[in-house]
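See below for the structure under consideration.
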Amino acid sequence: MLKKRMKMPIILSLCAALFLVLGACSNTNDESKENKEDKDHSNMDMNHSSSGDVPKGLKVAESPIYEVGSQAIIESDHMESMKGAKATIVGAYDTTAYAISYTPSNGGDKVENHKWVIHEELKDAGEKTLEPGAEVTVDASHMEGMDGATAEIDFAEETTVYMVDFTPTNGGEEVKNHKWVTESELTSAE
């Protein structure tokens, strides 16, 4: 009987040690997975330059506040080191801009409240402004995995959108033809 009592604490201690070791391995794997996902997401966010091509049917703004060739300060933070950067206006267009949430078509975590995709970058969007909650297919490649993704409209804003060139405030590589910044996200550079 005494031997059984002595064995029980040893067995319990071994089980507890085993659970601790397995738990530590599990946490390490979770941390590695989170770090990998963060890296994948940051890589996805890195490509904000574009060719400068615009969708068919996009209307050039007739009297934008910020004219092509002028400079403005970006007041939004769509990406790291964007807010406060001096931008050169490359294009100005009148359209409806949408904030969307979508899961990248190449996998990865859901992107929430991405700003901006314009009406002309949505497949079969029709003529009318889409309502929040509408499900759409994205026909734009601002970010890796965006083109062809199914998205939900978070909200819409009828506005002038701008394509801009800017150097990030952290001194990173110049971003060319960034799509899109809305009129309310810019202030005068003078």
- Is one or more of the residues making up the range 124-143 open to solvent by 80 Å² or more (accessible area, probe 1.4 Å) and in contact with a helix residue (DSSP H, G or I) (Cβ under 8 Å, 6 or more places away or on another chain)? yes
- Message: Please determine whether any residue of the range 140-159 is in a strand (DSSP E or B), within 17 Å of Ser76 (Cα to Cα) and without any contact (Cβ under 8 Å) to a residue 60 or more places away in the chain.
- Response: yes
- Task: Just give me the residues in the range 69-97 being touching a Leu at 6+ places or on another chain (Cβ under 7 Å), in a strand (DSSP E or B) and not aliphatic (A, V, I, L, M), in sequence order.
- Result: Tyr93, Thr95
- Message: Return the residues of the range 67-94 that are of a type in the set (Ser, Thr, Tyr) and on the phi < 0 side of the Ramachandran plot; say none if nothing qualifies.
- Response: Ser70, Ser76, Thr88, Tyr93
- Going by the conditions given, is Ser101 of a type in the set (S, T, N, Q), modelled with pLDDT of 95 or more and under 28 Å from Pro168 (Cβ atoms)? yes
- If we keep only residues of the range 160-190 that are of a type in the set (D, E, K, R) and part of a loop (DSSP other than H, G, I, E, B), then the residue most open to solvent (accessible area, probe 1.4 Å) is Glu190
- Task: Sort out which residues of the range 104-131 are within 18 Å of Met79 (Cβ to Cβ), in a loop (DSSP other than H, G, I, E, B) and more than 11 Å from the chain's Cα centre (by Cα), and write them in order of number.
- Result: Gly108
- Give the residues of the range 55-78 that are more than 18 Å from Glu157 (Cβ to Cβ) and either in contact (Cβ under 8 Å) with a residue 40 or more places away in the chain or among the aromatic types (Phe, Trp, Tyr) (or both), sorted by residue number. Lys56, Gly57, Ser70, Gln71, Ile73
- Message: Could you tell me how many of the residues in the range 89-103 are surrounded by fewer than 19 Cβ atoms within 10 Å (Cβ to Cβ) and of a type in the set (Val, Ile, Thr)?
- Response: 2
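The values are calculated or read from the model by the stated rules, or taken from the named source; none is laboratory data. In this text the structure is predicted, and so the values were computed from the model without any measurement. Positions of Cβ are generated from backbone atoms using ideal geometry, with glycine treated the same way; all protein chains shown enter the neighbour counts. Heads up: the accessible areas ignore ligands, DNA and RNA and are worked out on the full protein's heavy atoms, side chains in. Shrake-Rupley method; radii C 1.70, N 1.55, O 1.52, S 1.80 Å.
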